[in-house]
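Here is the structure we will look at, set down as structure tokens.
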Amino acid sequence: GALRALRPEASLTVLSGNPPEAESAHGVTAILWTDVERIIQAVRESDLVVVGGGGLFHDYWDFDPDSLLTQNHSGLAYFAGLPLLAALLDKPVMLYAVGVGPLRTEVGRLFTRAAFEQASAATVRDAESLQQLQAIGISTERVRVTADPAIRFQPADLARAIEILRAAGISTLTRPLVGAALRNWDIGV
């Protein structure tokens with residue numbers, strides 16, 4: 001939404017786990033995130049590649065660098081592969097509001113460093129991510145800390161919010177309600 005507001009004329013292509021849903025919900029062209037041939041073609045035709053936001057640069061789960069730019073890419077191999085592909089095709093890349101860490105392995109640090117070195121611009125979503133970049137040797141003079149893009153979401157209107165809550169089994173609101181999406185991390189906890 002924010003990018004569309006800045007550049008309403010832009011033609012946007014996104015990578016998705018469900019391209020038809022992404023296209024209908026957001027009015028974009030969508031490519032299945034494992035369709036490497038189409039991803040390469042989309043990057044080749046692009047003016048800018050944006051990767052982010054979210055906690056993308058970590059090797060919490062196994063990282064297989066041999067899966068980079070294959071239909072088996074996932075996690076760090078997927079997210080580091082995109083800026084490296086953009087560099088190979090001489091396209092500018094922006095890492096937008098990404099999280100960095102934990103980086104448990106040398107190969108994880110190497111590929112994260114390579115991805116950030118290819119970026120024309122980079123923002124991270126917290127000071128700890130900036131510290132992780134410094135620890136792996138990235139000059140952070142041109143990396144800015146910004147807010148996680150999730151806080152930019154436009155809230156649903158009240159009728160839609162009530163519909164969502166009812167679908168989750170919450171029928172009345174007699175007190176404030178806070179929702180949290182937790183991720184199972186056990187490193188450093």
Within the stretch 75-87, can one find any residue that is assigned to a helix (DSSP H, G or I), at pLDDT 95 or above, out of contact with any Cys (no Cβ under 9 Å at 6 or more places or on another chain) and aromatic (Phe, Trp, Tyr)?
yes
Only one of ILE39, ILE31 is in contact with a Lys or Arg (Cβ under 7 Å, 6 or more places away or on another chain), open to solvent by less than 40 Å² (accessible area, probe 1.4 Å) and among the hydrophobic types (A, V, I, L, M, F, W, C); which?
ILE31
Report yes if ILE31 is within 19 Å of the chain's Cα centre (by Cα) and either not in a helix (DSSP H, G or I) or not aliphatic (A, V, I, L, M) (or both), otherwise no.
yes
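Taking the stretch 167-181 as the search range and keeping residues that are open to solvent by less than 80 Å² (accessible area, probe 1.4 Å) and either under 23 Å from ILE151 (Cα atoms) or hydroxyl-bearing (Ser, Thr, Tyr) (or both), which one is nearest to the chain's Cα centre (by Cα)? Outline the logic, then answer.
First, the residues of the stretch 167-181 that are open to solvent by less than 80 Å² (accessible area, probe 1.4 Å): 168-170, 179.
After this cut, where a residue has to be either under 23 Å from ILE151 (Cα atoms) or hydroxyl-bearing (Ser, Thr, Tyr) (or both) as well, the list is 168, 179.
On the way: ALA168: 27, GLY179: 21 Å.
The qualifying residue nearest to the chain's Cα centre (by Cα) is GLY179.
State whether the residues of the stretch 91-107 include one that is touching a strand residue (DSSP E or B) at 6+ places or on another chain (Cβ under 9 Å), part of a helix (DSSP H, G or I) and over 16 Å from ILE136 (Cα atoms).
Here is the first cut: in the stretch 91-107, the ones touching a strand residue (DSSP E or B) at 6+ places or on another chain (Cβ under 9 Å) are 91-101, 103.
Those left that are additionally part of a helix (DSSP H, G or I): none.
No: the stretch 91-107 contains no residue that is touching a strand residue (DSSP E or B) at 6+ places or on another chain (Cβ under 9 Å), part of a helix (DSSP H, G or I) and over 16 Å from ILE136 (Cα atoms).
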Hey, can you tell me all the residues within the stretch 118-131 that are among the aliphatic types (A, V, I, L, M) and either crowded, with 17+ Cβ neighbours inside 10 Å or assigned to a helix (DSSP H, G or I) (or both)?
ALA119, ALA122, VAL124, ALA127, LEU130
Could you check how many residues of the stretch 132-166 are within 28 Å of the chain's Cα centre (by Cα), surrounded by fewer than 10 Cβ atoms within 10 Å (Cβ to Cβ) and not in a loop (DSSP other than H, G, I, E, B)?
2
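The values are calculated or read from the model by the stated rules, or taken from the named source; none is laboratory data. Since the structure is predicted, the reported quantities are computational estimates derived from the model, not experimental observations. Every residue, glycine among them, receives a Cβ derived from its backbone with ideal geometry; neighbour counts consider all protein chains shown. For the accessible areas, the whole protein counts, side chains as well, though only heavy atoms, and no ligand, DNA or RNA atoms are used. Shrake-Rupley method; radii C 1.70, N 1.55, O 1.52, S 1.80 Å.
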